[in-house]
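Okay, so here's the structure we're looking at.
Taken together, the values in this text are just the output of simple stated rules run on the coordinates, not laboratory data. Source: prediction; values computed, not measured. Glycine gets a Cβ as well: all are built from the backbone with ideal geometry, and neighbour counts include every protein chain shown.
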Amino acid sequence: MTAIDPRSEVRDWSTDFDILDPEYVADPAPVWADLRPGCPIAHTERYGSTWLPTRYDDIAAIAHDTERFSSRDIAVITPGRELNPEAAIMLIAPPITSDPPVHTWARRMLLPRFGPTRIEELTPITHGLADDLIDGFVDAGHADAARDYAQHIPVRVIARMLGVPLEDEETFTGWAVTILQQGFHDIQASADAVMEVISYFGDKLDQRERVPEGERPDDLITVLVGARHDGDPLDDRHRIGSCFLLLLAGIDTTWSSIGSSLYHLASHPDDQARLRAEPELMPTAIEELLRFYSPVTMARYVAEDTEHAGCPMKKGDKVLMAFPAGNRDPDHFERPDEFIIDRQRNRHFAFGSGIHRCLGSNLARMELRVAIERFLDRIPTFELTDPDAVTWSGGQVRGPRRVPVRW
């Protein structure tokens with residue numbers, strides 16, 4: 001099949017979908033609902049041959065099949081792939097871009113830093129960060145819940161975990177926006193940002209290596225510098241890629257979840273009022289916010305010619321792991337397109353499924369909970385200033401980028 005001009009209008013979502021289409025970015029759920037009964041796995045030639053499963057069971061099955069569906073290229077769009085399925089990947093980011101056996105030991109090495117004990121230690125720090133941000137706008141009576149609040153909390157937390165200066169926050173956020181949000185439209189800017197990330201963390205790792213082992217700070221960069229596999233230190237590509245993953249994945253995904261949550265509460269006054277009146281609902285509310293506004297779509301690389309659910313997939317094709325679509329599947333969720341704040345049965349996979357389930361899920365849940373709790377505790381009943389001013393990003397991570405609110 002010939003490639004389709006990615007700028008052209010979508011005429012048939014089953015054979016020519018476009019995840020960057022403005023209507024899809026604004027609200028993809030109607031597209032998934034239309035596809036699911038008749039064409040549950042859509043296909044497109046935009047950006048290279050790509051499949052889009054919309055059913056929970058298909059997405060879960062593919063996520064668990066690491067032999068046929070590789071994580072070597074997780075980007076939903078890889079520049080140049082429409083011309084060459086083997087287009088070069090600029091950066092690996094283990095463990096998320098690794099398959100077994102590399103994935104197994106690469107994930108195990110980082111896992112203790114994201115366990116319950118470590119997250120408990122970070123909770124009061126996150127409280128303080130949230131309060132500092134709220135101090136800056138609480139008396140104004142208005143703020144942008146995304147730009148002034150949501151986007152800052154995750155980057156400041158992960159910077160502390162990595163051991164990099166908080167003063168570089170603006171740089172980190174700029175990289176996240178350029179690579180994960182704007183990169184599909186400006187390939188050169190994205191490539192330049194990736195090279196900046198590589199240079200930045202290469203320098204930080206070199207600096208840390210020059211510190212005597214017993215004097216190094218207790219952070220993730222020290223973990224990567226000191227890590228050994230089969231007795232050998234990790235190579236620079238692995239260490240830099242892991243830093244890249246931890247920083248960017250820790251910023252944009254949680255920023256999007258916090259922003260979506262505050263957007264929901266601002267635009268659904270009944271849910272906001274109930275959560276204020278019944279704070280014991282916070283655990284189920286968090287899970288429903290994660291299900292309803294799941295931000296992340298990953299990709300898998302088809303490692304060999306194969307077939308899934310009657311779809312003939314060729315080596316080099318991509319499959320988009322549309323976890324947000326699976327979270328709206330009526331076969332798994334009652335009234336899936338309704339937000340139910342006290343939903344009891346909620347086995348969503350906002351954090352993915354299979355061996356690549358999000359390493360930082362405990363951290364993300366904590367940040368989301370603290371951000372919402374502090375906002376509700378300190379900000380009176382709030383509403384959207386202008387619903388038409390809310391903007392969303394799409395592609396790899398979907399979330400609101402402007403959420404102007406007033407109180």
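Data table
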| quantity | calculated |
| --- | --- |
| For region 106-203: rounded, prolate or oblate by the Cα gyration tensor [a/c cutoff 1.5] | oblate |
| Among 157-166, 391-400, the order from most to least packed when residues are scored by Cβ within 10 Å on average | 391-400, 157-166 |
| Dipole magnitude of region 300-380 about its Cα centre (Cβ charges: Lys, Arg +1; Asp, Glu -1), debye to nearest 20 | 300 debye |
| Within a Gaussian network of the chain (alpha carbon springs, distance under 10 Å), most fluctuating of T306, T44, T97 | T306 |
| For region 326-336, Karplus couplings with θ = phi - 60° (6.51, -1.76, 1.60), whole Hz, Gly/Pro x | x, 6, 10, 6, x, 6, 10, 9, 5, 6, x |
| DSSP-defined antiparallel bridges as percent of all bridges, the chain, nearest 5 | 90 percent |
| Table column - 3J(HN,Hα) (Hz), region 384-396, Karplus curve with 6.51, -1.76, 1.60, x for Gly and Pro | 5, 5, 8, x, 6, 8, 6, 10, 10, 9, x, x, 5 |
| Low-density loop cleavage sites - trypsin sites (Lys or Arg not before Pro) in region 254-316, where at most 11 other Cβ are within 10 Å (DSSP) | K314 |
| Size of charge dipole - region 192-275 - debye, nearest 20, with Cβ of Lys, Arg +1 and Asp, Glu -1, no other charges | 180 debye |
| Rounded if a/c under 1.5, otherwise prolate or oblate - region 266-320, Cα gyration tensor axes | prolate |
| Expected 222 nm ellipticity per residue - DSSP helices of 4 or more, -39500 (n - 2.57), all of the chain, to 500 | -13500 deg cm²/dmol |
| Fluctuation leader among I187, I153, I77 - the chain, Gaussian network, Cα springs under 10 angstrom | I187 |
| Nonlocal amide H pairs with H308, under 5 Å, H built at 1.01 Å | M313 |
| Centroid-to-centroid separation of region 5-55 and region 177-238 [C-alpha atoms, Å] | 35 Å |
| Karplus-derived HN-Hα couplings along region 56-72 (A = 6.51, B = -1.76, C = 1.60, θ = phi - 60°), whole Hz, x at Gly and Pro | 3, 5, 5, 5, 5, 4, 5, 4, 8, 9, 6, 6, 8, 10, 7, 9, 4 |
